[in-house]
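My structure is below; once you've seen it, I'll send some questions.
Nothing in this text is a laboratory measurement; each read-out follows from the coordinates by a stated rule. Remember, it's a predicted structure, so these values are computed and weren't measured experimentally. Neighbour counts are summed over all protein chains in view; Cβ atoms, including those assigned to glycine, are modelled from backbone coordinates with ideal geometry.
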Amino acid sequence: MVDFRRFLAAAERVVLPHFGGITLEAKERRLRLRKSCEPGWWRFRLEGRHAEAVEPAEPEGLEDLPIVRGHYTRGRLVREGAISELLWFIPEEPPRFALLRGRRWPSGDLIYDGPELEGDAEEEVRLAYQDRRGLEGLRGVPSSLRAAFNYTTLFEEAEARGLPISPLELRRALSLTTAARAQFWAELVSERERALREQHQQAQVLLARARSEEILAARAQAGRTEAEVVEAALLKSGAQLLDLRSLQDQQLEVIFRVDGERFVALIRADTLQVLDAGICLSGHDEDLTLASLPGVIREAIQDEVLVITRHS
């Protein structure tokens with residue numbers, strides 16, 4: 001008699017990319033990791049809806065995925081529309097402003113797939129950067145390359161000011177003149193300081209309203225862990241839980257990913273009500289739960305009004 005268990009066991013070992021967090025995104029389903037592992041390509045052993053990393057592996061299954069082209073800067077690919085995305089699993093640092101090819105994994109993450117043939121524009125922009133010149137007068141510079149150049153210089157200005165910042169916050173400043181950039185930085189600092197004051201005041205109010213015992217008891221009855229409750233809330237809005245930390249007074253620090261970007265929020269462990277959204281909401285954090293926060297973040301990105309107050 002043929003032992004079919006041998007074939008079943010072999011079929012349950014697959015090579016997949018892991019982008020961090022407690023879940024694993026296969027092409028057709030989401031799995032939960034039994035043990036944490038570093039981001040990268042791994043051979044996984046699958047059992048039902050759970051997965052465990054067995055060993056590092058070479059990439060597989062990229063050739064059928066959609067291609068995304070853009071210009072490289074600081075670990076990210078800048079594509080048309082001045083959209084900057086994290087580029088995963090780059091084997092070595094490419095030249096600044098290199099034209100690269102990525103592949104879109106079903107989770108939405110962008111995976112490095114190699115260099116593309118460059119023209120003269122990339123080298124001209126590199127020389128302008130090295131000489132600390134602007135791009136005025138340069139012709140034939142693609143919009144993605146121009147945006148990559150501006151992202152790079154804006155990031156350097158932020159670092160010089162000691163300001164942690166996201167590309168999502170910089171999009172509205174890409175076309176600003178040097179004089180207008182100074183005003184942008186001043187307004188950003190002012191917005192962040194005001195938002196932090198409002199969020200601190202709001203957190204104190206929300207703590208006083210908490211109904212810990214009632215909701216914690218309901219969760220215990222449902223038999224779900226804290227991480228499972230938080231993950232389920234994020235999945236409703238298409239966000240991914242990356243990490244979770246318990247704090248004092250029944251608070252949780254939640255690190256999650258929305259459309260490829262990382263965010264940090266402070267919530268009530270019992271109600272999942274937002275104490276500190278990690279973005280500027282002008283004091284309206286209390287109107288949100290964790291499930292509704294990703295949608296608000298997407299709206300802020302679309303309207304180019306995102307201001308991040310918590311950075312992981």
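Can you tell me, using C-alpha contacts under 8 Å and at least 6 residues apart, the relative contact order of the chain as a whole percent?
12 percent
Please get the size of the charge dipole for the chain, origin at its Cα centre, with Cβ charges of +1 on Lys and Arg and -1 on Asp and Glu, quoted in debye to the nearest 20.
440 debye
Debye sum, Cα scatterers, segment 67-160, no solvent: what log₁₀ I/I(0) at q = 0.19, 0.20 1/Å?
Log10 of I(q)/I(0), two decimals: -0.85, -0.94.
Another question about this same structure. Suppose each label sits 7 Å from its Cα in the direction of the beta carbon; what would the Leu247-Glu80 distance come out to in nanometres?
Each label point lies 7 Å from its Cα, and together they span 4.2 nm.
Report the extension gain between Ala179 and Glu193 in nm, rounded to one decimal, defined as 0.36 nm multiplied by the number of residues separating them, less their alpha carbon distance.
Full extension of this stretch gives 2.8 nm more.
Using only Cα atoms, locate the centre of segment 229-271 and the centre of segment 52-92, then give the distance between them in Å, rounded to an integer.
Here the answer is 25 Å between Cα centres.
Between Arg101 and residues 5 or more places away or on another chain, which pairs have amide H atoms under 5 Å apart, with H built 1.01 Å from N, and which residues are they?
Hits under the 5 Å cutoff: Asp113, Gly114, Glu116.
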